[in-house]
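Heads up, the thing below is written out as structure tokens.
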Amino acid sequence: MEQVMESETVVRAKSFGPGRFQTLEQFIIAQQHRFPHATGAFSRLLRDLSVAAKIVNRDIRRAGLLDVFGDTGEVNIQGEQQQKLDLAAHNEFVRALQRGGECCLIGSEEDEHGIILETHPESEGKYIVLFDPLDGSSNIDVNVSVGTIFSIYHLPEGIEPRDVSVEAALQPGVEQVGAGYVIYGSSTMLVYTTGDGVYGFTLEPSIGEFLLSHPRLQTPKQGKLYSINEGNYVWFEEGLKRYIKWMQRNADEPKRPFSTRYIGSFVADFHRNLLKGGIFIYPATAKNPSGKLRLMYEANPMAFIIEQAGGRASDGHTRILEKQPQALHERTGLFIGSEAMVLRAEAFLRDERPPDIL
Ligand code: AHM
Ligand code: MG
């Protein structure tokens, strides 16, 4: 028994002993020094998001014990209506951004119109944050990983926070100043980019801190995994059908067949492919001509991250980050992951198949 306790102490000392791991907060402050004119507002915004993520993480970890599944219609002990967990997560992120005062406009999958926040006299409120508070929430009831995805923009020049309207959020993804996701998985991680590489932090639950565990993440140029809901095959365009058959061939260069991995929870599928190499596809189809995933708070932030990690993202034809959004909840087809795999998928869609294909 004593021995177990001793080894546990050693492991704990190693995992967050002095100087070994940087906390998210320390890392953000260190990064801020690279920008001489930084006011700290962006750092405070990231801190606000990470605090909300910790609260959502706590609720998800207890989801099986709390009566938070589905639309309960119940009233809780505080007299509040019990909410589905995705709505509770939405409220948590809105509250954190409202308290922090650096954000003047929120777009969320859980809110149809966009939310204009009052900014504090002592803060500038010059950021716009778009998020999917709990992506893949239909998986919570079966204990599968879910995630939060967020995208950050500056308020466009010439607009004051008090005059902001939802149109200010309709900027192409190339204008993002930050993007990230939180995966509530076997461990909880926050992964983000500000355009200078991708950094992953793992939540150390016993001290409640995100610790830098994955500095400067890069994704393999060529992976071996493909992730797609093949149940929709009959509605896929011909080029995509041929690409799937090409991936399933027994062949070399690159070595195939590839393996299918599809959780049906975008953040989890994306995170696995980012680390191991692969392609995630949710295409526009004959049945859903605009695709399923949302451009502003699903495709754009993940596209920013994957490009920073050396990968590629398009709708099959156009780079995701260059698409001009027309509406907050607009959908898009999405091909995202290892560069060589996305390039090849795009070539198949253009019908440029190599002569040896099927
Ligand atoms: P949601 O935002 O309503 O949770 O839907 C998005 C989810 C993604 O996490 C996942 O990649 C996709 O829907 C799965 O869709 P499907 O069940 O059609 O394969
Ligand atoms: Mg979603």
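Take the residues of segment 240-267 that are touching a strand residue (DSSP E or B) at 6+ places or on another chain (Cβ under 6 Å) and part of a helix (DSSP H, G or I): which is nearest to ligand 2 (Cβ to nearest atom)? Residue satisfying both the conditions and the ranking: F266.
Would segment 92-101 turn up any residue that is modelled with pLDDT of 75 or more, within 16 Å of ligand 1 (Cβ to nearest atom) and of a type in the set (K, R)?
Among the residues of segment 92-101, not one is modelled with pLDDT of 75 or more, within 16 Å of ligand 1 (Cβ to nearest atom) and of a type in the set (K, R), which makes the answer no.
Would you mind stating whether K221 is assigned to a loop (DSSP other than H, G, I, E, B), of a type in the set (K, R) and surrounded by 13 or more Cβ atoms within 10 Å (Cβ to Cβ)? Taking the combined requirement at face value, the residue satisfies it.
Just one of (1) crowded, with 17+ Cβ neighbours inside 10 Å; (2) modelled with pLDDT of 90 or more; (3) out of contact with any Gly (no Cβ under 7 Å at 6 or more places or on another chain) fails for R58. It is (1).
Within segment 99-140, how many residues are away from ligand 2 (no atom under 16 Å from the Cβ) and not hydrophobic (A, V, I, L, M, F, W, C)? Steps first, please.
From segment 99-140, those away from ligand 2 (no atom under 16 Å from the Cβ) are 99-105, 113-128; that's our starting set.
Checking the rest, the ones that are also not hydrophobic (A, V, I, L, M, F, W, C) come to 99-102, 113-114, 118-127.
Residues that pass the stated criteria total 16.
Determine whether segment 313-321 contains at least one residue that is more than 14 Å from ligand 1 (Cβ to nearest atom) and part of a helix (DSSP H, G or I). Yes, segment 313-321 has at least one match. Each residue in segment 146-174 was checked for being crowded, with 16+ Cβ neighbours inside 10 Å and part of a helix (DSSP H, G or I), and 5 pass.
Number of residues in segment 149-186 that are over 13 Å from L130 (Cα atoms) and touching an Asp or Glu at 6+ places or on another chain (Cβ under 9 Å): the value is 4. The set of residues from segment 268-312 being more than 14 Å from ligand 1 (Cβ to nearest atom) and either charged (D, E, K, R) or assigned to a loop (DSSP other than H, G, I, E, B) (or both) comprises K276, G277, A286, P289, E307, A309, G310, G311, R312.
The values are calculated or read from the model by the stated rules, or taken from the named source; none is laboratory data. Remember, it's a predicted structure, so these values are computed and weren't measured experimentally. Cβ: placed from backbone, ideal geometry, glycine included. Neighbour counts: every protein chain shown.
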